[in-house]
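Comments concern the structure below.
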Amino acid sequence: MRIHSIKLTNFRQFNGEQTFNLRSDTLKPVSLIFGANGAGKTTLLNAFTWALYGSMSDDVEEQDRMVTDIVWRSLPTGGSTEVAVELTFDHEGHDYRLLRRAEVRKLSDDQQRPSPEVQLWTTKADGSSETVGAPQERIYSILPRGVSRFFFFNGERIEKLVQKGAYSEVQKDIKVLLDLEQVERAIDHLPKVDRRLTADLKKHGGEKASEIQTAIDDLRERETASRDELKVLEGDLATLNEERESVTELLRQHASAAPIQKQRDAVVKQLDEARTGKSAAILERASLIASRGFLAFTDDLAKKTTDMATALYQKGALPAPLKREFVDQLLDDGRCICGTPLAEHTEPWEKVKDWRQRAGLQAVETAWQQLSGQIAPLSGARLELHESLQAIVKRISLEGDRVSRLEETKSELDGQLMDSRLEDVQQLESKRIDLDSRISVKLQRTGSVKASFEQIKKEIVQKTVERSNAEVTDELAAKARARSDLVQSVRRALEEILAIRSEDMRSRLDAELKDVFGKITIKPYIPRLSESFGLALYQNVNGVELAVPKSTGENQILSLSFVAAVSKLAREIRKERRAEGELPSDAGTYPIVMDAAFGSLDHKYQQEVSRALAQMAPQLVVLVSKSQGLGQVIGELMPYVSHLGVIVTHTTAEGDVSDDIELEGIAHPYVRSSADSDHAELTVIK
Amino acid sequence: MTTANRTEQDVLQALTDEERRLLKRVLEIERAKLHISAYEATDDLLGAVKEILP
């Protein structure tokens, strides 16, 4: 989606018709619009979302007053006027004109909230227009409403994107934008399709197939219940973890608890490492015993086997090292290797024939050779196993000691916090302990549900194989079975694609986020995106990674970095070859329209952010005040600016409040006093 | 089934033509209705299955 223009008609303080061209290219993607406080920057931002979705953000006051005050006042009672926003844009190869307008009738001095209608047209290749039948639906499919939070936002409020508790909502929108949501939904919906298909199989498929299908249906129900429970558990765990983290954070910040908490953070990290080390050693021991453990029972096996073989040779019970095939050849040729003729039933013939019985077959000989070859290294291998086992047992014991020691230290630190004379520290610690135990219960339940979920999945696969092999004579039932098999294969593939995409998206977003954030921030903080797409900021303190209590400014920078990363990834992924097939070259491209881009950042950060802005999206509309946007900011952005504008404030205030703004060496009106009415004028500078 | 190094392309290549067609169609249908949280997809998806295996 690339916006070409916006036209406002009597929209809030923008009276009459006012148009601004926003068409830009990749070299100069920025449109920079200045406006004083209250000039209408937030209104202009909201004009975009009102046109698209018919709503404005919560921070817009007096939302019923949609028509410009002066227009409303001059309208006679009973008369009507128009309020509208028109957007032109292109998206995935189509040009669109979107018009949301309302005819507002004046019944009293107070405005009633209008009920706007939306219309959408596409422009065809021959230049003619075609009305889109379900305009709102098309808009939602172009840019889903939730996703628009990443592209139309107020810089001062953007930190909400990364605040604790926000990510479960944000996570869903990220999934939409990064093509995960449709895969998840398909995985949820396909079992219902399968259920409908297999109803025929149950009805007409014969006793055996019907019985198997009933079992599959039952398993599917259990699978759905387990999946739902897992989702609830994951949500609960995320909330509890957040709560625990915020309690721990309070302990970190508490003057008297902070040193103990810091020590405990370090101990917890070491404890995790020690427990992981111990588990790894135990696993290694199990694997060693599973693969080579039998050697322990081969104490005198080698000697016994050699002795037995020798005795058998001596008794003639073991085949002589002479091949039966060789004796057969001599008998066939009728001559011994010593030259004696071997005529049938003569004495030499009988003697050689006698050897035939004692000679071994090639296969027996080879087997014996192999076995005897393995006897010798057997005792060496046994010794080696003994040494390896000793080393692992020692490691397990050392890691075990380390775990016990750290557990003791942690208990002591826990105790210190619990025994604190300060009541609030005690309360925080009690709360943390309570959260710990609740998390532990949830984790256990999660583990058990996951295990049963995996088992059910295996059983379904097994039953499906049984179903494929069951005899089905009815044509309708056979068709239903083939369709169900198809649906199940696709569902399995989608599950795999979801797992691959989720991890790919998370790691790429994480890397991109680190990159963008690293370029802007001046502090040694590292952002990290967790597996559940939760966003946090860390700092390395003496080898321990600690969560950083973020300031509003840091949250704003983190959010901007996040938006930049999401925007970039949304474009990138759609250029890759994926299950959805080929997509238009501009798929995943969206503009970013930001009000108060620099929020409450200081000058140093403003400069760094403006440097990063130009690379954030293929099209950027930046709304700033003079105090935020001049100086270094405009210096950084100007090479990328294709359109420059000012929202001139016309005020009825008397006195010397008029002000100008100097852009590219020329002064332009910024605030004009003693006007007939309070309104905004969108002027084009460039 | 899932291995650490398998890519989306690997998964797609392991499917039959019919499976690939259905997978693509299912994603198209779901993508078009992402904004409707209460979307009941069963009929549309069933239609897609029957188109591929008439």
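Here, each number is a calculation from the coordinates, and none is a lab measurement. It should be emphasised that the depicted structure is a prediction, and the values quoted were computed from it without experimental measurement. Note: ideal-geometry Cβ built from the backbone for every residue, glycine included; neighbour counts use all protein chains shown.
With charges set only on the Cβ (+1 for Lys and Arg, -1 for Asp and Glu), what does the dipole of the protein assembly as shown come to about its Cα centre, in debye to the nearest 20? Display every interim value, and only then the final one.
Working: 102 positive and 120 negative charges, 301 e Å.
Using Cβ point charges on Lys, Arg, Asp and Glu, the protein assembly as shown gives about 1440 debye.
From the convex hull of the Cα coordinates of segment A:175-236, what is the mean projected area in square nanometres? Mind dumping the intermediate values first?
On the way: hull surface 19.4 nm².
Across all orientations, segment A:175-236 yields a mean hull projection of 4.8 nm².
Just grab the label-to-label distance for A:SER141 and A:LEU371, each label 7 Å out from Cα along the Cβ direction, in nm (one decimal).
7.4
Using the Karplus equation 6.51 cos²θ - 1.76 cosθ + 1.60 (θ = phi - 60°), what ³J(HN,Hα) coupling, rounded to whole Hz, does each residue of segment B:8-20 give in order, writing x for Gly and Pro?
4, 4, 4, 4, 5, 5, 7, 8, 7, 4, 5, 5, 4
Just to verify a number: FRET efficiency for A:LEU422 and A:ASN540, C-beta to C-beta distance, R0 = 51 Å, to 0.05? Could the numbers behind the result be given before it?
On the way: r = 29 Å, r/R0 = 0.57.
The computed FRET efficiency comes out at 0.95.
When the Karplus curve 6.51 cos²θ - 1.76 cosθ + 1.60 is applied with θ = phi - 60°, which whole-Hz ³J(HN,Hα) does each residue of segment A:658-674 get, with x for Gly and Pro?
Values, residue by residue: 4, 8, 10, 10, 9, 10, 6, x, 10, 7, 10, x, 10, 9, 10, 8, 6 Hz.
Could you compute the FRET efficiency for A:GLU580 and A:SER379, with r as their C-beta to C-beta distance and R0 at 56 Å, rounded to 0.05? Kindly include the intermediate steps, with their values, before the conclusion.
On the way: r = 62 Å, r/R0 = 1.10.
So, using R0 = 56 Å, E works out to roughly 0.35.
Rounded to whole Hz and in sequence order, give me ³J(HN,Hα) for segment A:48-60 from the Karplus expression 6.51 cos²θ - 1.76 cosθ + 1.60, θ = phi - 60°, writing x for Gly and Pro.
Whole-Hz 3J(HN,Hα) from phi for segment A:48-60: 5, 6, 5, 4, 6, 10, x, 9, 10, 6, 4, 6, 7.
What spacing in nm lies between the two simple spin-label points modelled at A:GLU273 and A:ASN241, each 7 Å away from Cα in the Cβ direction?
2.1
Could you line up A:SER31, A:SER658 from fewest to most neighbouring Cβ atoms inside 10 Å? Walk me through the intermediate numbers first.
Values: A:SER31 25, A:SER658 15.
By the 10 Å Cβ count, ascending: A:SER658, A:SER31.
Counting other beta carbons within 10 Å of each Cβ, put A:MET638, A:MET308, A:MET616, A:MET594 in order, fewest first. Could the numbers behind the result be given before it?
Details: A:MET638 17, A:MET308 11, A:MET616 23, A:MET594 26.
Listing A:MET638, A:MET308, A:MET616, A:MET594 from fewest to most nearby Cβ atoms yields A:MET308, A:MET638, A:MET616, A:MET594.
In nm, to one decimal, how far is the modelled label at B:LEU53 from the one at B:ALA38, with both set 7 Å along Cα→Cβ?
Each label point lies 7 Å from its Cα, and together they span 3.2 nm.
From the P(r) of the protein assembly as shown, can you give the percent of Cα pairs sitting at distances over 41 Å? Before the final figure, lay out each step's value.
Details: 149359 of 273430 pairs.
The calculated P(r) of the protein assembly as shown puts 55 percent of pairs beyond 41 Å.
Could you work out how far helix A:206-253 tilts from the main Cα principal axis of chain A, as a 0 to 90 degree angle to the nearest 10?
Once rounded, the angle reads 60 degrees.
How large is the helix-only mean residue ellipticity at 222 nm for chain A, computed as the sum of -39500 (n - 2.57) over DSSP H runs with n ≥ 4, divided by its residue count, in deg cm²/dmol to the nearest 500?
It comes out at -19000 deg cm²/dmol, rounded to the nearest 500.
Once a ≥ b ≥ c are taken as the square roots of the eigenvalues of the Cα gyration tensor of segment A:552-645, is the result rounded (a/c under 1.5), prolate (a/b larger than b/c) or oblate (a/b not larger than b/c)?
Numbers: a/c = 3.02, a/b = 1.91, b/c = 1.58.
Prolate.
May I ask you to compute the full-extension gain from A:GLU454 to A:LEU312, defined as 0.36 nm times their residue separation minus their alpha-carbon distance, rounded to one decimal in nm?
45.7 nm
Based on the Cα gyration tensor of segment B:8-52, what are the three equivalent ellipsoid semi-axes, each the root of five times an eigenvalue, rounded to whole Å and given largest first?
On the way: eigenvalues 95, 36, 7 Å².
Rounded to whole Å, the semi-axes are 22, 13, 6.
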